[in-house]
Every structure is written in C-alpha cells, then in structure tokens.
Amino acid sequence: MWIYLQGLESSDLPVGPAGFDALFDVEFDELRRRVRAGTAAWLERGFFQLNELYLLQSQLGADRELPVFGGRHIPDPGGGPGHVTLDPPEVVRTAAYLGRVSFPDLWEEWGQLPSSESDDELRERLAQHHEDLRALYASSAERGWAVVKHFSF
C-alpha cells in the first residue's frame, strides 16, 4: 500500500482516468528522480496514521484533511481507488497548513495507536512522511502547481 503524489503545472493535469494512469505509469528510477527533484513524494505505510495525526488539529480548520487524502476524486472506471487532485489554491492552503503544524506536537497529542511497529519506527516513518509532504507542497505552492495523488492499495 502506498501513495504517490506528483506536483505539476495545472495545464499538464491529465484529462480522464487514462491520462492519470499514464502520468503515474513510470519506472521506479523515474519515480525516485522525481522525488529527489522535489516534484513528487512517495508515502509507503503509515499514511493512514499520518492522516489521523493531521485530523487531531481541528482548531486549524478543514485544511487538515488535504495533505494525505483530500482533494477532488477522479474515479477509476475499473473500480480501483482512482486519483485525487488539488488545484493550486488548495496546494497553497495545504502548504500553509503543513507550515503551521509541528510533527512533535502532533505526535505528543496523538499518543499511541495500535501498530505492528514499535513507537520509534512508526514515529520515524511518520516524521519523514510529514517532512516529505511539507517539502512537496511548499515547492508546488511556490511554483503555482497542482498536486495529483495516486493510491495503490
């Protein structure tokens, strides 16, 4: 299970499910190149827990759902999870939200949920995912880009 997020210009947003599939149908080396370039993020395991961490911050408004799962859903005609897009204004709001939250504070407030991993392993993974999301959304917001998400469950 993983989520792949890609920042791109709004004019490059795919049209229809086939276009979204083509955008994400890349070799792993290309995915790593995009992540290193700061135009993509790859979240593997733990993103459900990270989403729960963000949801704790109810005083920060509805933007707390945007980093992981939020956005406009593009259904998959084959019955898969489909894709999600965030337009540039939502990317700016998400970047601002992530800039306001502190992972250590989120972790402390969240406490401990059942997991097959030790607390240290889970904390480390979620902290890295948080930083990856902060970097991707900040970079995309600065460029005026959209962010597209591909889910694989």
| task | Look at Arg100 and say whether it is in contact with a Leu (Cβ under 8 Å, 6 or more places away or on another chain), loosely packed, with under 15 Cβ neighbours inside 10 Å and closer than 12 Å to Val147 by Cα. | result | no
| message | Criterion first (at pLDDT 90 or above, among the aliphatic types (A, V, I, L, M), within 27 Å of Asp21 (Cβ to Cβ) and in a helix (DSSP H, G or I)) does Ala141 satisfy it? | response | yes
| How many residues, within the stretch 22-34, are surrounded by 13 or more Cβ atoms within 10 Å (Cβ to Cβ), within 23 Å of Asp76 (Cα to Cα) and either in contact with a Phe, Trp or Tyr (Cβ under 8 Å, 6 or more places away or on another chain) or not aliphatic (A, V, I, L, M) (or both)? | 2
| Complete set of residues in the stretch 5-21 that are small (Gly, Ala, Ser) and either more than 13 Å from Ile74 (Cβ to Cβ) or surrounded by 13 or more Cβ atoms within 10 Å (Cβ to Cβ) (or both) | Gly7, Ser10, Ser11, Gly19
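Conditions (1) of a type in the set (Gly, Ala, Ser); (2) touching an Asp or Glu at 6+ places or on another chain (Cβ under 8 Å), marked per residue:
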position: Thr94; (1), (2): no, yes
position: Asp105; (1), (2): no, no
position: Glu121; (1), (2): no, no
position: Asp132; (1), (2): no, no
position: Ala141; (1), (2): yes, no
position: Lys149; (1), (2): no, no
| query | Which condition does Asp63 not pass, out of (1) touching a Ser or Thr at 6+ places or on another chain (Cβ under 7 Å); (2) at pLDDT 90 or above, if it passes all the others? | reply | (2)
| task | For the stretch 39-60, name all the residues that are modelled with pLDDT of 85 or more, farther than 15 Å from Arg123 by Cβ and of a type in the set (S, T, N, Q). | result | Thr39, Asn51
| Contacts under 6 angstrom Cβ, first residue in the stretch 23-38 being assigned to a helix (DSSP H, G or I), partner hydrophobic (A, V, I, L, M, F, W, C), 6 or more apart | Arg34/Ala40; Val35/Trp42
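The values are calculated or read from the model by the stated rules, or taken from the named source; none is laboratory data. Remember, it's a predicted structure, so these values are computed and weren't measured experimentally. Backbone-built Cβ (ideal geometry, glycine too); neighbour counts: all protein chains shown.
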